[in-house]
Structure formats: structure tokens, C-alpha cells
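Enquirer: Below: one structure in C-alpha cells.
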Amino acid sequence: MSKTAVYPGSFDPITNGHVDIIERAAQVFDKVVVAVAHNPEKRALFSVEERVAMIVEACRHLPNVSVAQFDGLTADFVRQQEATVLVRGLRAISDFEFELQMALMNKKLNPDLETMFMMTSAEWLFLSSSVVREIARFGGCVEGMVPPHVVGKLREKFALAKEAEGRAVP
């Protein structure tokens with residue numbers, strides 16, 4: 001029987017820490033679905049479609065990894081994918097409290113679902129999408145923190161934002 005896992009997140013943008021978790025999950029499971037959440041409560045830098053495209057490019061070397069977008073409850077999406085495992089990355093103990101709460105809620109919503117926590121490799125412990133966005137917003141170097149093609153997408157996005165600011169009428 002094939003074992004499918006879902007790795008959900010906003011991935012705004014995907015970082016090398018995310019890629020690390022995806023690569024390691026791809027070694028454990030027959031199939032990994034990277035699920036990009038559309039969360040209208042969050043103001044994302046990249047559209048869902050842009051995030052999906054960046055992840056597809058970052059995971060091109062992993063034949064058992066696919067990328068999908070979803071709205072709604074993660075537990076429902078996992079069921080639709082006929083998966084039984086949710087993969088979640090942990091960087092620090094502070095992540096664990098929130099992730100444990102989510103794992104218990106997902107289990108309540110989908111009793112067949114198990115959550116597997118994977119510790120991020122030590123070299124990526126400091127890394128988060130929000131830190132990457134902040135560095136890129138102020139023109140800092142994010143090379144080595146995100147896949148190479150994402151560096152260009154960040155530069156593009158912030159150049160367009162600065163251009164738009166220049167045209168804005170006070």
C-alpha cells in the first residue's frame with residue numbers, strides 16, 4: 001500500500017528550510033503533496049499561483065513530490081488526497097506548542113490522520129519566510145536562504161513595489 005503524506009503551509013516564499021523538510025519527507029513516503037494554503041486572513045507577498053510555481057521549480061528533482069493549492073481545513077484536504085500523514089517542520093521549541101495544538105485539532109477533525117514532526121536541519125533553524133521577506137524588502141542578500149530562482153522572484157516583487165511607491169500620489 002502506498003503511503004502519502006501532505007506538507008501544508010503558506011510557503012510565502014519557499015525557503016531552503018522548507019526544501020530540506022520536503023526532501024527528507026520524500027525519502028520516507030511514497031508520495032508527498034506540498035499543499036499551499038490560501039489564507040485570506042494573511043496578506044501574502046506572492047499569490048498562491050506564484051507560490052505553487054516556485055515550489056514546483058524547487059522540487060523538480062523529486063519525482064514523488066507534487067504541489068497543490070487548497071482552501072479550507074487542512075484535515076479535509078488531507079482526506080481528499082487519500083493521505084494519512086501530515087508532515088510539519090519544527091525549528092524551535094516555540095514552534096512545538098502551536099504545532100501540537102494544530103495536530104490535536106486535525107486529529108479531532110480527521111481521526112485517521114497522524115502528524116509527523118520533522119526537526120529542521122540545524123543550518124536552517126534561524127530561517128523563516130517572514131525573515132526572508134523582511135531581509136529582501138530592505139535589499140539584503142537572501143542567497144543561500146531560498147532556492148536560486150526565488151531570489152530573483154523576491155527582487156522582482158520588491159522592485160515592482162518600490163516602483164509603485166514612486167508612482168503613488170501622497
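Enquirer: Can you tell me which residues in the stretch 86-134 are within 23 Å of residue 151 (Cα to Cα) and of a type in the set (S, T, N, Q)?
Expert: The answer is 120, 121, 128, 129, 130.
Enquirer: For the list (1) surrounded by 11 or more Cβ atoms within 10 Å (Cβ to Cβ); (2) within 19 Å of the chain's Cα centre (by Cα); (3) under 23 Å from residue 17 (Cα atoms), I need the number of the one condition that residue 92 fails.
Expert: Evaluating residue 92 over (1) surrounded by 11 or more Cβ atoms within 10 Å (Cβ to Cβ); (2) within 19 Å of the chain's Cα centre (by Cα); (3) under 23 Å from residue 17 (Cα atoms) leaves (1) as the failure.
Enquirer: A further question on this structure: Pull up the stretch 126-158, narrow it to residues that are among the aliphatic types (A, V, I, L, M) and free of Cβ contacts under 8 Å to residues at least 60 places away in the same chain, then point me to the one that is surrounded by the most Cβ atoms within 10 Å (Cβ to Cβ).
Expert: Of everything passing the filter in the stretch 126-158, 136 is surrounded by the most Cβ atoms within 10 Å (Cβ to Cβ).
Enquirer: Name the pairs whose Cβ atoms lie under 7 Å apart, with the first residue in the stretch 64-84 and among the aliphatic types (A, V, I, L, M), the second surrounded by fewer than 16 Cβ atoms within 10 Å (Cβ to Cβ), and 6 or more positions between them or separate chains?
Expert: 67/56; 73/109; 75/109
Enquirer: Among (1) of a type in the set (Phe, Trp, Tyr); (2) in a loop (DSSP other than H, G, I, E, B); (3) in contact with a strand residue (DSSP E or B) (Cβ under 6 Å, 6 or more places away or on another chain), where does residue 46 come up short?
Expert: (3) is the only condition that residue 46 fails.
Enquirer: Mind checking whether some residue in the stretch 17-35 is of a type in the set (A, V, I, L, M, F, W, C), crowded, with 20+ Cβ neighbours inside 10 Å, outside any helix (DSSP H, G or I) and in contact with a Pro (Cβ under 7 Å, 6 or more places away or on another chain)?
Expert: Among the residues of the stretch 17-35, at least one is of a type in the set (A, V, I, L, M, F, W, C), crowded, with 20+ Cβ neighbours inside 10 Å, outside any helix (DSSP H, G or I) and in contact with a Pro (Cβ under 7 Å, 6 or more places away or on another chain), which makes the answer yes.
Enquirer: Sticking with this structure for a sec: Which of the residues that make up the stretch 120-150 are within 19 Å of residue 44 (Cα to Cα), over 16 Å from the mean Cα position of the chain (by Cα) and part of a helix (DSSP H, G or I)?
Expert: Answer for the stretch 120-150, where residues must be within 19 Å of residue 44 (Cα to Cα), over 16 Å from the mean Cα position of the chain (by Cα) and part of a helix (DSSP H, G or I): 134, 135, 136, 137.
Enquirer: Also: For the stretch 30-74, name all the residues that are among the hydrophobic types (A, V, I, L, M, F, W, C), at pLDDT 95 or above and either in contact with a His (Cβ under 6 Å, 6 or more places away or on another chain) or under 20 Å from residue 104 (Cα atoms) (or both).
Expert: 35, 48, listed by residue number.
The values are calculated or read from the model by the stated rules, or taken from the named source; none is laboratory data. All of these numbers come straight from a predicted model, not from anything done at the bench. A quick note on method: Cβ atoms are made from the backbone with ideal geometry, for glycine too, and the neighbour counts reach across all protein chains shown.
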